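Participant: Below you'll find the structure I mean.
What follows draws every value from the coordinates through simple rules; no lab data is involved. These figures come from a predicted structure and were not determined experimentally. Quick reminder, even Gly has a Cβ in these numbers, built from the backbone with ideal geometry, and neighbours come from all protein chains shown.
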Amino acid sequence: MKYNPKIHHRRSIRLKGYDYSQPGAYFVTICTQNRHYLLGEIVNGEMALNDAGRMVENWYFELENKFPDILCDEYVIMPNHFHAIIINVGADLRVCPDKMGDPDQLGDPDQLGEHTGSRLQLGDPDQLGGPDQLGEHTGSPLHRVVQWFKTMTTNAYIRGVKQNGWQPFPGKLWQRNYWERIIRDENELNRIREYIINNPSNWHDDEHYV
């Protein structure tokens with residue numbers, strides 16, 4: 001079918017006017033297509049990764065090798081989705097998003113809709129100064145990082161299906177879109193870390209539990 005903007009229009013899930021390549025921390029969630037359970041199972045409140053889940057874990061940390069300005073923070077792989085805090089350290093290793101509102105008005109991480117590693121401290125927004133102080137390099141755009149991660153994990157999963165008999169996936173491994181939330185301060189960072197850590201034990205209350 002030929003593309004028709006009236007039929008195929010997709011609502012943007014990006015924050016208008018925000019530069020997703022600037023130094024900052026992002027809470028990212030990626031779901032499997034149709035939320036199929038492909039990456040393991042929850043056993044006694046803990047995530048037991050299968051081979052596919054361990055593959056996804058390995059490619060997550062490969063982000064730091066592919067993108068030198070990206071750091072991998074807390075994460076969890078669930079049966080049908082993946083949560084991670086991805087930090088773009090930008091030009092000068094000072095990690096802090098632009099000030100864009102009151103973080104206390106953001107609510108809990110589980111209100112995001114759809115949506116464990118080394119930790120990094122966020123800097124002080126007031127010490128960053130204006131855009132001219134950030135240098136010319138703005139870092140790796142988040143969408144490019146996620147796209148590369150999806151591509152590499154999909155290719156690796158296809159090899160697992162062909163060579164090791166992994167459960168085939170229907171059509172695509174991951175949903176087309178992903179969800180992200182800009183982390184604005186240290187308190188929010190720690191709340192989201194706690195949410196990620198507790199995700200397996202709260203599985204039956206998770207919106208992705210089907």
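Participant: Sum up the charges of everything whose Cβ sits under 13 Å from the Cβ of Y60, counting Lys and Arg as +1 and Asp and Glu as -1, but leave Y60 out. Don't jump to the answer; show the numbers that get you there.
Facilitator: Working: positive: R54, K66, K150; negative: E57, E62, E64, D73, E74.
Taking every other residue near Y60 into account, the sum is -2.
Participant: May I ask for the net charge around L49, where only other residues with Cβ less than 13 Å from the Cβ of L49 are counted and Lys, Arg are +1 while Asp, Glu are -1?
Facilitator: Spelling it out: positives minus negatives among the neighbours equals -3.
Participant: While we're here: Within a Cβ distance under 13 Å of S140, other residues only, what is the Lys/Arg minus Asp/Glu net charge?
Facilitator: Values: positive: K66, R144; negative: D19, E64, D69.
Combined, the nearby Lys, Arg, Asp and Glu give -1.
Participant: First measure r as the distance between the Cβ atoms of Q163 and R35, then evaluate 1/(1 + (r/R0)^6) with R0 = 30 Å and state the FRET efficiency to the nearest 0.05. Kindly include the intermediate steps, with their values, before the conclusion.
Facilitator: Numbers: r = 25 Å, r/R0 = 0.85.
After rounding to 0.05, the efficiency reads 0.75.
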